[in-house]
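Read through the structure below, which is laid out as structure tokens, and then see the notes.
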Amino acid sequence: MPPRLDATLVPTRGLPTRGLSAHGLPTRRGALKLAGLAAFAAVLAPRMALATEAQVADEMKKLFAGKTMGAGKIKLDMPEIAENGLVVPINIDVDSPMTEADFVKSVHVFADGNPLPQVVTYHFTPESGKASASTRMRLAQTQNVIAVAEMSSGQLYSAKVQVKVTIGGCGG
Amino acid sequence: MALKSQPRVRVPAQAKAGEIIEIKTLISHEMESGQRKDAAGKTVPRDIINNFQAAFNGKPFFTAEWFTSISANPYQSFFFKAKESGEFTFTWKDDGGAEQKATAKLTVA
Amino acid sequence: MISRRDFLSAGTALAGLLAASGTGLAQAVGAQALSQADLLKFGNAGTFTILHITDIHAQLVPLYFREPSTNLGVGDARGVPPHLTDAAFLKYFGLKAGTRDAYSLTSEDFTQLARTYGRMGGVDRIATLVKAIRAERGADKVLLLDGGDGLQGSWSSLKTQGEDMVKVFSALGTDAMVGHWEFTYGADRVTEIKEKAPFAFLAQNVRSAEWQEPVFEAAKTFEKGGAKVAVIGQAFPRTPISNPRWMIPDWEFGIREEDMQKQVDAARAGGADAVVVLSHNGFDVDRKMASRVNGIDVILTAHTHDAMPRVVEVGKTLLVATGSHGKFVSRLDLDVKDRKVTGYRFQLIPVFSDVIAPDPEMTKLVTDIRAPYAKDLSRELGRADSLLYRRGNFNGTFDDMICDAIMKERDAEIALSPGFRWGGTLLPGDPITFDAVANATAITYPACYRNTMTGRQLKEVLEDVADNIFNPDPYFQGGGDMVRVGGVGYAIDVSKGPGQRISDLTFLKTGKPLEADKAYTVAGWASVAQNVEGPPVWELVERYVTDTKSVKIAPNASVKVTGA
């Protein structure tokens, strides 16, 4: 077993990642932050390959090949501005009666500015009662998060939000 | 193999029949993304919990497939429609195949 | 329904007074002519009265505070109140230049008008107003609410971690408050205030990071004048971004508009006759929120320090803007009938310190609070040889002085000073006391770092901060004015998008363009990072002023603004 699994419970927000990017890669932003300039250190593009809108589109094409995407039904709730790029709350809520005849089968979440386009995939059942879930995700930079709900009928619905990642400071 | 870290779960102990209850779970894990380099410049290999499942009386009703964008110490909340008394089983699985389980009882009045 | 007549009758005490007398001779009303009784004249009282104070920034004694001459609105907020200054502001509100109103609400002829009309604010004057209104209306009809940023901003508040102002708010009989700078005392201290203070500390928009559960009481219902008044608190949503998150690591903020709607609905379902949001969102965020959340009767705005003599109506929601530093007390009387707000009257009461008699009990409390620090506070470091003020989107002369101090004392080529909106104004000839320096610098993370940055990094910093101020969607704004830059000039087009606003960075020492890859020595303060090393900024400013003796700041022409 990898020793990491022995990790004692640490606060959810609190890994020792100060000065590291949302994906644990040291960035110039991280270096600035460690140097104490964080109040005015800009969000500098991390030196890693990041997913693009095209990659997200490719991934969605693979999953949903050619099906039309409806609007509405699915609500993606995230803060407009991330307070901590390492831990950004994300809440998904799909409007559905969640009966055997009509329920939400799955929800796929993508991000176009992280190293990988996929974030999470949920599988619901009528026993869920409500097609709603919350988790917390990393955001390497300001980007779009896209969620696609797949209904038991095969119908798809999507929602997209932009979340801003800023270093902040100056508020007053 | 078992994941050693203790998960924490918040489930109402009681519910009315037909009530939709919220379940919140939390487990400690670094969710190593495979993008990070250590002090020596070597890439730290990816190691994440990639699957979480919730079952009631043995029947799975909610699954989450997590990717590397999920934050360390993953939190997951979701819902369940209570019908009868029974027991929840929550299962976390990591890249190495290690597993951790937690259970919680529900009484339906 | 709110009648046109009600709307017209709303105004500053002075405007109201003049309208009543029909003379319109604002100029004629000098210091002698205005009395405390005039300031308290109100006309028909409503079912109950809300008194709103906000952003006092722990200013216990009267001070000068110059309103901004540059306060740009973007997107839907472009060119509309509160984004009007000076002549445009006066014109919009039907006020005249050179009057007390012009002095209290705008920046033109500030020095001259300040010498005529004197200092404003002072909690002992505020106490007099509050007591008089309670006496007139009956305490059971008056609700006193503080909009936050009351507990921070002076030496005594820093030294007592806001306890000085907790005492003042307790003595005033404050019913509830919300927070922003309060959180820079750390989670433990805020929790202590919440538990011990005799008033409610409300915030619907703060959750525990771990389980996403409410940290504070979201709302409180008060019975006033027979009406049930629900007050919902909204903390500054960007606190963990604008200020050090490490001081409140277990709390998450955010606007949480849907949760606000749930709170409003719950208040209505619980029988509230009126729903009041005590907000620290900032005016533009509140204006947007009012257009999207149904059922709010009143939003008492704060954070952006706007003072407006009339209420702004967004649909059926009234937005009140009370200013800052204790310069104003807002009085809003609501008529409630059949469980609905049916009318209102509003007055932005200017707290002219030479017109209002100080309340002796409060004066004593202030003296007692300041006594342990009296020697420090009165220490005269030098003199202002020109007007020293802070407010404005891009510069303030007080900040120019701080930047000069930082560059000199930290031997840096470039200085960065945060775009805080608080801190008093000094007139030419005024002594620069330690009290005055602390009023612009007293924060819990004052370390002045020294480091290097490339020209490219500096541009990225400016772009990032600019988007926090000039993003056309207020929900994406972070609050504050633009970071003040010493040693570098730049051009900004506020109409452009993220990363596109800043250009023509110039290294002022040589007059040459800032080089993208060259490293410059940069010093600054108020970093939101943990464990920042450096002396507290007030020490540098004290040394600089003491050495300089007479501080004269030339008009700052180093920022060229377009797209406004």
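The values are calculated or read from the model by the stated rules, or taken from the named source; none is laboratory data. For clarity, every value in this text was computed on a predicted model and none was experimentally measured. Positions of Cβ are backbone-derived with ideal geometry, glycine not excepted, and every protein chain shown enters the neighbour counts.
You will find that of C:ASP149, C:ASP164, the residue that is outside any helix (DSSP H, G or I) and in contact (Cβ under 8 Å) with a residue 12 or more places away in the chain is C:ASP149 and no other.
Looking across the stretch C:476-513 at every residue that is crowded, with 18+ Cβ neighbours inside 10 Å and facing chain A (nearest Cβ under 9 Å), the one that is nearest to C:GLY392 (Cα to Cα) is identified as C:ASP481. Among the conditions (1) in contact with a His (Cβ under 9 Å, 6 or more places away or on another chain); (2) more than 13 Å from chain A (Cβ to nearest Cβ), C:ARG421 misses just one, which is (2). Across the stretch C:215-241, the number of residues qualifying as over 16 Å from C:ALA187 (Cβ atoms) and facing another protein chain (nearest Cβ under 10 Å) comes to 3. Note on the stretch C:103-131: residues that are more than 20 Å from C:ARG331 (Cα to Cα), of a type outside the set (D, E, K, R) and part of a loop (DSSP other than H, G, I, E, B) total 3. The residue that is surrounded by the most Cβ atoms within 10 Å (Cβ to Cβ), among those in the stretch B:23-45 that are within 11 Å of the chain's Cα centre (by Cα) and of a type in the set (A, V, I, L, M, F, W, C), is B:ILE27.
Looking across the stretch C:294-313, the residues that are outside any loop (DSSP other than H, G, I, E, B) and under 13 Å from the mean Cα position of the chain (by Cα) come down to C:LEU300, C:THR301, C:ALA307. As for the stretch C:514-535, it holds no residue that is under 27 Å from the mean Cα position of the chain (by Cα), basic (Lys, Arg) and surrounded by fewer than 19 Cβ atoms within 10 Å (Cβ to Cβ).
Annotation: C:ALA412 fulfils all but one of (1) farther than 28 Å from C:THR160 by Cβ; (2) within 14 Å of chain A (Cβ to nearest Cβ); (3) in a helix (DSSP H, G or I); (4) not β-branched (Val, Ile, Thr); the unmet one is (3). Test B:GLY18 against the stated conditions and say whether it is within 8 Å of chain A (Cβ to nearest Cβ), surrounded by fewer than 20 Cβ atoms within 10 Å (Cβ to Cβ) and touching a residue at least 60 places away in the same chain (Cβ under 8 Å). The answer is no for B:GLY18. Is it true that C:PRO472 is over 27 Å from C:LEU508 (Cα atoms), part of a loop (DSSP other than H, G, I, E, B) and not hydroxyl-bearing (Ser, Thr, Tyr)? Judged against the criteria, C:PRO472 is a match.
This table checks each residue for (1) out of contact with any strand residue (DSSP E or B) (no Cβ under 7 Å at 6 or more places or on another chain); (2) aliphatic (A, V, I, L, M); (3) touching a residue at least 40 places away in the same chain (Cβ under 8 Å).
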| site | (1), (2), (3) |
| --- | --- |
| A:ILE74 | no, yes, yes |
| A:VAL88 | no, yes, yes |
| A:PRO97 | yes, no, no |
| A:ALA101 | yes, yes, yes |
| A:SER106 | no, no, yes |
| A:GLN118 | no, no, yes |
| A:GLU127 | no, no, no |
| A:ALA159 | no, yes, yes |
| A:ILE167 | yes, yes, yes |
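Among the residues of the stretch C:43-74, those identified as of a type in the set (Ser, Thr, Tyr), part of a loop (DSSP other than H, G, I, E, B) and either over 23 Å from C:VAL277 (Cβ atoms) or in contact with a Pro (Cβ under 8 Å, 6 or more places away or on another chain) (or both) are C:SER69, C:THR70. C:THR546 - would you say it is touching a Leu at 6+ places or on another chain (Cβ under 8 Å), part of a helix (DSSP H, G or I), more than 12 Å from every other protein chain (Cβ to nearest Cβ) and touching a residue at least 24 places away in the same chain (Cβ under 8 Å)? The answer is yes for C:THR546. Restricted to strands (runs of 3 or more DSSP E) entirely inside the stretch C:201-293, those with at least 3 residues that are within 24 Å of the chain's Cα centre (by Cα) are C:227-234, C:274-279.
For the stretch B:50-59, the criterion of being among the aliphatic types (A, V, I, L, M) and either within 23 Å of A:VAL109 (Cα to Cα) or surrounded by fewer than 20 Cβ atoms within 10 Å (Cβ to Cβ) (or both) is met by at least one residue. Taking the listed residues C:THR367, C:THR342, the one that is among the polar types (S, T, N, Q) and over 28 Å from C:TRP181 (Cα atoms) is C:THR342, with no other qualifying.
Screening C:GLY479, C:GLY455 for residues that are in contact with a Lys or Arg (Cβ under 7 Å, 6 or more places away or on another chain), on the phi > 0 side of the Ramachandran plot and in contact (Cβ under 8 Å) with a residue 60 or more places away in the chain leaves exactly one candidate, C:GLY479. Exactly one residue out of C:ASP101, C:ASP55, C:ASP38, C:ASP86 is acidic (Asp, Glu) and more than 20 Å from the chain's Cα centre (by Cα), and it is C:ASP38.
Residues in the stretch C:167-191 that are under 14 Å from C:MET247 (Cβ atoms), surrounded by fewer than 24 Cβ atoms within 10 Å (Cβ to Cβ) and free of Cβ contacts under 8 Å to residues at least 40 places away in the same chain: 3 in all.
Considering the stretch B:25-68 alone, what residues qualify as being assigned to a loop (DSSP other than H, G, I, E, B), at the interface with chain A (Cβ under 9 Å from one of its Cβ atoms) and free of Cβ contacts under 8 Å to residues at least 12 places away in the same chain? Scanning the stretch B:25-68 gives a single hit, B:ARG36. Inspect all residues belonging to the stretch C:527-543 and state whether any of them is touching an Asp or Glu at 6+ places or on another chain (Cβ under 6 Å), in the same structural domain as C:LEU462 (by TED's automatic domain parsing), modelled with pLDDT under 95 and within 30 Å of C:ASP467 (Cβ to Cβ). No, there is no match, as no residue in the stretch C:527-543 is touching an Asp or Glu at 6+ places or on another chain (Cβ under 6 Å), in the same structural domain as C:LEU462 (by TED's automatic domain parsing), modelled with pLDDT under 95 and within 30 Å of C:ASP467 (Cβ to Cβ).
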